[in-house]
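The values are calculated or read from the model by the stated rules, or taken from the named source; none is laboratory data. Since we're looking at a predicted model, the values are computed, not measured. Backbone-built Cβ (ideal geometry, glycine too); neighbour counts: all protein chains shown. SASA here: full protein model, heavy atoms, side chains in, ligands and nucleic acids out. Shrake-Rupley method; radii C 1.70, N 1.55, O 1.52, S 1.80 Å.
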Amino acid sequence: MTDHPGQGAALDNLLDESRTFPPSQEFAAHANATAETYARANADREAFWADQAQMLHWDTAWDQVLDWSDAPFARWFAGGDLNVAYNCVDRHVAAGNGDRVAIHWEGEPGDSRAITYAELQREVCRTANALSSLGLAKGDRVAIYMQMIPETVFTMLACARLGLPHSVVFAGFSSEALRSRIDDAQARVVVTADGQFRRGSVAPLKPAVDEAVAQAPSVEHVVVVRRGGNEVAWNTGTDVWWHDIVERQSDQHTAEPMDSEHPLFILYTSGTTGKPKGILHTSGGYLTQVAYTHRTVFDLKPESDVYWCTADIGWVTGHSYIVYGPLANGATQVVYEGTPNTPHQGRHWEIVQKYGVTVYYTAPTLVRTFMKWGGDIPASYDLSSLRVLGTVGEPINPEAWMWFRDRIGGGRTPVVDTWWQTETGAIMISPLPGVTHTKPGSAQRPLPGISARVVDDNGAEVGRGEGGYLVLDEPWPAMLRGIWGDDERYRKTYWSTFADRGFYFAGDGAKYDEDADIWLLGRVDDVMNVSGHRISTTEVESALVSHRDVAEAAVVGASDSVTGQGIVAFVILNGDAAGDGDSGSAALADLRDHVASEIGPIAKPRQIMVVPELPKTRSGKIMRRLLRDVAEDREVGDVSTLADSSVMELISSGLRTGA
Ligand code: ATP
Ligand code: MG
């Protein structure tokens, strides 16, 4: 941890928010979770989680809800057996819901496919038989390097069915990123596609796999889905077409029960703060919590809702809230292959209208992008089917939250700001849409069954109106079971900071407001120290974004001989402001004053730079550490998980010309 000159509280509390939105009576009357849910969980946490686990199908009952004797390595529902894929697919068919659509898949070029649960069962069985025919056995690892197509879901579920831990790697990561992940997990098979549709054209995927596999001796086979139709090089020894191997298989397969702690997948974190970590998740506890949170946070009604999570499947949100959570609950959902502005900026709203989407879960970065494109675009579609909106990935600035609720939710839908991490596996802190009086910008309360606190350097809980570090002080079912192959790094990264208290250190700053609601304030690594005040990046960014000319903002602390650190802001201006040539010094001075009046003179940026883009991970998070490198005039660090690596050059060259 960095040093903390401001003794006691780790962060200053600057931004105030007092708007609240209670759920409508009608929503509250039919909600899956009520105030009673908190009471039951508080009365007996383990009994509460056992009740949630009971909603799944177990082949063998567990002996113990939680075995924490080897902390920090947890065992949940110890001694129990279940099959994750059976729970996500077969169970619904057996219950008579085989005709329900599981996935409305929408391809970027406009092709589409509706897949019922019965069909999903046949596809997953075929895929499982195909993987078995390649000689894979329980415990072997499979790497998946594929875009948002049905075969990706089939493969993940087939792996789960066979007990093959999967490692999904964002399609679009470099061959080196893929190689290192294949190598780390010693994957025996890679499943990929020839190419993917991206902004209207085909981006090849297979060449990156070829390059990676050439240096990854653990790989015996590469299975290739034909999607892009682009020409690919072929290695006859290893490569096999999906349509050759999968389609000829039987669509019958009996799922074998797995131990509750059998590894389900490995997934690498976004790499926002440094080298990605291979996070390990297991079966019973993970499935219990993703199903429970999906049911309660989104108030899911499987018979009537059409749910859509816009995340990529290569990110944990795609694992938990496209694949495992929704399918465990028998939901009907939309899966969209492409980018939000192909072929036009209304694509998402067109899809909402087409399928009558009721629950829409996305990232703050996308909300800010929609704001930048303008409210007229969503206004020309029928969005009246929407009833719950959610965000994840970064703090959502209050102004973006308000825009989301008003322009997309018609001023009527609850907005749930969900805090969680790859490591937590499932949502941890979030409003409940039928209970909570929501507040723009705050994730508010730990969910029933979850415990989180904001503490100071010594691990003592801070008071209302004070900031500090976010910790999780009780184990939870979907918690990571370690970092793949590196127990030491697991202990050190998450459990050493507050070792004497046994807290999990999340790495995020947070504060309590006067109602004891939690506000996430960005990474602890990103906290700025200006003349002894510890200021969160999030609060300054929110102040900037609340100015009408600013579409997006990223703030970093750069070393300053006078103040210790100085605040340097990178802003993207809104369409109008960017166009009128008024990004000169007067406009920037106005922005600095705006920050001072919103949160106080101490937070006034030393410097504001107008940029065309911000560096983001594939999951849409701003990589402040790279901007800090720019602000301090250093060579920029690891960019391997950046969505678009040319952005850094764009930013640096713009700066040199004095923007
Ligand atoms: P790495 O750990 O490699 O740096 P990462 O932390 O970006 O990558 P993820 O697990 O995808 O990888 O992201 C989790 C982080 O995202 C959280 O620790 C938090 O900083 C941020 N986050 C997620 N949801 C929210 C939210 N609702 N509000 C604020 N921050 C959020
Ligand atoms: Mg992280």
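Observations, loosely collected:
- Residue-wise HN-Hα couplings along the stretch 326-343, as the Karplus relation 6.51 cos²θ - 1.76 cosθ + 1.60 with θ = phi - 60° gives them from phi, are x, 6, 4, 8, x, 6, 9, 9, 9, 10, 10, 6, x, 8, x, 10, 10, x Hz; Gly and Pro carry x.
- Secondary structure note: in the chain, about 60% of the DSSP beta bridges are antiparallel.
- Dimensions (Å) - the stretch 117-274, Cα atoms, principal axes, largest first: 37, 35, 31
- With all protein chains kept in place, the per residue accessible area of the stretch 380-455 amounts to 22 square angstrom at a probe of 1.4 angstrom.
- Sparsely packed loop sites in the stretch 452-552 (the trypsin sites (Lys or Arg not before Pro) outside DSSP H, G, I, E and B with at most 15 other Cβ atoms within 10 Å) comprise ARG464, ARG548.
- For the stretch 229-286, the equivalent ellipsoid derived from the alpha-carbon gyration tensor has semi-axes of 30, 25, 9 Å in decreasing order.
- Exposure of VAL219 as accessible area (Å², to 10), given a probe of 1.4 Å and all protein chains: 20
- Cα gyration tensor shape of the stretch 415-531, rounded if a/c is under 1.5, else prolate or oblate by comparing a/b with b/c: oblate
- Rounded accessible area per residue of the stretch 1-139, 1.4 Å, Å²: 47
- Between amide H atoms placed 1.01 Å from N, distances below 5 Å from ASP560 occur with GLN565, GLY566, all of them 5 or more places distant or on a separate chain.
- Building the convex hull from the alpha-carbon atoms of the stretch 352-441 and averaging its projection over directions returns 5.8 nm².
- Mean Cβ count within 10 Å, highest first, over the residues of peptides 363-369, 251-257: 363-369, 251-257
- Accessible area (Å², 1.4 Å probe, nearest 10) - ASP500: 130
- Highest-first arrangement of 370-376, 389-395, where packing means the average Cβ count within 10 Å: 389-395, 370-376
- Only protein heavy atoms count here; under a 1.4 Å probe, HIS437 has an accessible surface of about 100 Å².
- For the peptides 56-69, 590-603, 142-155, 114-127, the ranking by mean Cβ contacts within 10 Å, running from highest to lowest, is 142-155, 114-127, 590-603, 56-69.
- For LEU11, distant residues with modelled amide H under 5 Å away: GLY467, GLY468
- Filtered GluC sites (Glu not before Pro), the stretch 490-595: DSSP coil and at most 12 other beta carbons within 10 Å: GLU514
- Rounded, prolate or oblate (a/c below 1.5 giving rounded, otherwise prolate when a/b exceeds b/c) for the stretch 55-207 by Cα gyration tensor: oblate
- Taking only the Cα atoms of the stretch 394-446, the radius of gyration and Dmax are 11.3, 34 Å.
- Under the span-like rule (Cα at least 20 Å along the axis, Kyte-Doolittle mean at least -0.5), DSSP H helices of the chain: 117-133, 585-599
- Under 23 Å between alpha carbons - lysine pairs in the chain that sit 8 or more apart or on different chains: 14
- Whole-angstrom gap from the stretch 91-147 to the stretch 235-252, using each part's C-alpha centre: 15
- Sum of -39500 (n - 2.57) over DSSP H runs of 4+, divided by residues of the chain (222 nm, nearest 500): -7500 deg cm²/dmol
- Full extension of the segment from SER561 to HIS30, taken as 0.36 nm per residue of separation minus the current Cα-Cα distance, would add 185.3 nm.
- The stretch 426-491 shape via C-alpha gyration tensor axes, a/c threshold 1.5: oblate
- Heavy-atom accessible surface of the stretch 1-102: percent carbon and sulfur, 1.4 Å: 46
- Translational diffusion coefficient of the stretch 236-362 (Stokes-Einstein, Kirkwood radius from Cα pairs, 25 °C, 0.890 mPa s): 142 µm²/s.
- Heavy-atom surface analysis with a 1.4 Å probe gives the stretch 165-283 a carbon and sulfur content of 46 percent of its accessible area.
- Scaling the Cα radius of gyration of the chain by the globular reference 2.2 N^0.38 Å produces a ratio of 0.92.
- Accessible surface for the stretch 165-257, divided over its residues, is 45 Å² per residue with a 1.4 Å probe.
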